[in-house]
Amino acid sequence: MRATAYTTTTKGFPDTLAEQALDDALASGAEVPVLAISGLQGSGKSTLAAQVVARAQARGLRAATLSVDDVYLTRGQRQRLARDVHPLLVTRGPPGTHDLPLAHAVLDAVIARAPTSLPRFDKLADERLPPAQWQDLDAPLDLLVFEGWFLGTPAQQPDALDEPLNALERDADSDGRWRRWCNQALADHYAPLWQRCDRLWFLQPPDFAVVPRWRWQQEQHLQAAQPGRSGMTRAQLERFVQYYERVSRQALRTLPALADRVIALDAERRIVEVR
C-alpha cells in the first residue's frame, strides 16, 4: 500500500495510519490489547503511539503508552553491572539494561485491569523517576501502546558477534564480552516480553545511517523542552548511538519478516510504503 493512500490533518503520521493501528490492535481479540510499535531511535515511535492513544480516546476508550525506555535499570543498578560484568553496561540502551520484572509487573496489572502506575524515565538525568512521579492509571485500560527501539528483535547467532562493527566495539569491547553478554540477555530474557504483545508494527528506516541524525534531532527537542538542563553533545551522541548499532541492524534484518505491519520510511520520515 503506497503512501498516497494516506492523508493527515495533524502533525506527525497520517491520521488514517493511527486509525489502522488502533483497529488492528482492537481486532486482536485480547481483552486489553498490547500494541507494540518498534522502530529505531528517532523514527517516530512516540509520536505514532501518542496518535493511536488520541484516536482511542476519541472513541471513548481508555488508552496509555509505555516505552521500553521507561523500564531502564536505575543508574545505580547499571553501575553495579558495570562493576560486575562489563564497564560498558553503565550506559542505558542495549539488552540487559532494562528492568524486565518491572515491565512484566506493569503488563500483568494492565492486562488484569488492576490499579497500577506506569514508570517513567528521565533521559536528561539518565535516571528512572521515583514512583511518586509515575503515571497513575485511575481506571482500567482498554489498550496499552508499548513502544521501543528494538521491540520484537531476536538475538543474533553467536558467530555473528565475532567481529566488531564500530569504534565502540573495537576500542572498548575488543574481546566481544559485552556484546556477547547483551546478545545472550536478548536471547534468554526478552522473548517472553515480546510474546506478550498482541500486535507488532515496525517503523522501518531506509538504513541505519539516518539514525544518528534522527537521534540528534530528538536530543535537541528534549533539551529545548527543558531549558536550563544539559544533555548530550553531538560528539557524545555519536558515540551513544554506537551502543545501539548492533541490535538496530539486527532489527532491520529481521523485523520486516516478523512484524504484523511494516511502515517503510524515507530519510525524512515520510511514509514510502505500508505493508
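Observations
- Take the conditions (1) touching a residue at least 24 places away in the same chain (Cβ under 8 Å); (2) out of contact with any His (no Cβ under 7 Å at 6 or more places or on another chain); (3) farther than 14 Å from ASP142 by Cα; ALA82 misses just one of them, which is (1).
- ARG249, sole failed condition from (1) open to solvent by 40 Å² or more (accessible area, probe 1.4 Å); (2) over 19 Å from LEU186 (Cα atoms): (2)
- Of all residues in segment 54-78 being open to solvent by less than 20 Å² (accessible area, probe 1.4 Å) and touching a residue at least 60 places away in the same chain (Cβ under 8 Å), the one that is farthest from the chain's Cα centre (by Cα): ALA56
- Qualifying position, being part of a helix (DSSP H, G or I), touching a residue at least 60 places away in the same chain (Cβ under 8 Å), among the aliphatic types (A, V, I, L, M) and open to solvent by less than 40 Å² (accessible area, probe 1.4 Å), among LEU193, LEU237: LEU193
- Looking only at segment 155-167, and only at residues there that are in contact (Cβ under 8 Å) with a residue 24 or more places away in the chain and touching an Asp or Glu at 6+ places or on another chain (Cβ under 8 Å), the one that is least open to solvent (accessible area, probe 1.4 Å): ASN166
- If you go through segment 96-154 and keep only what is open to solvent by 50 Å² or more (accessible area, probe 1.4 Å), of a type in the set (A, V, I, L, M, F, W, C) and either modelled with pLDDT under 95 or part of a strand (DSSP E or B) (or both), you end up with nothing.
- Selection count where residues are within 24 Å of LEU165 (Cα to Cα), at pLDDT 95 or above and among the small types (Gly, Ala, Ser), scope segment 221-275: 3
- Checked against (1) out of contact with any Phe, Trp or Tyr (no Cβ under 8 Å at 6 or more places or on another chain); (2) not in a loop (DSSP other than H, G, I, E, B), GLY60 meets all criteria but (2).
- Within segment 204-222, the set of residues being within 14 Å of the chain's Cα centre (by Cα) and over 18 Å from GLY93 (Cβ atoms) comprises just one member, GLN204.
- Pairs where the first residue, in segment 95-116, is farther than 20 Å from TRP149 by Cβ and the second is open to solvent by 40 Å² or more (accessible area, probe 1.4 Å), C-beta under 6 Å, 6+ apart: ARG113/PRO140
- Scope segment 219-234; condition crowded, with 18+ Cβ neighbours inside 10 Å and closer than 17 Å to GLY44 by Cα; matching residues: GLU219
- Restricting attention to segment 253-272, the residues that are touching a Leu at 6+ places or on another chain (Cβ under 9 Å), open to solvent by 40 Å² or more (accessible area, probe 1.4 Å) and either charged (D, E, K, R) or within 15 Å of GLN41 (Cα to Cα) (or both) add up to 3.
The values are calculated or read from the model by the stated rules, or taken from the named source; none is laboratory data. No experiment lies behind these values; they were computed from the predicted model shown. So basically every Cβ, Gly included, is an ideal-geometry build from the backbone, and we count neighbours across all protein chains shown. The area values use the complete protein model at the heavy-atom level, side chains included, leaving out ligands, DNA and RNA. Shrake-Rupley method; radii C 1.70, N 1.55, O 1.52, S 1.80 Å.
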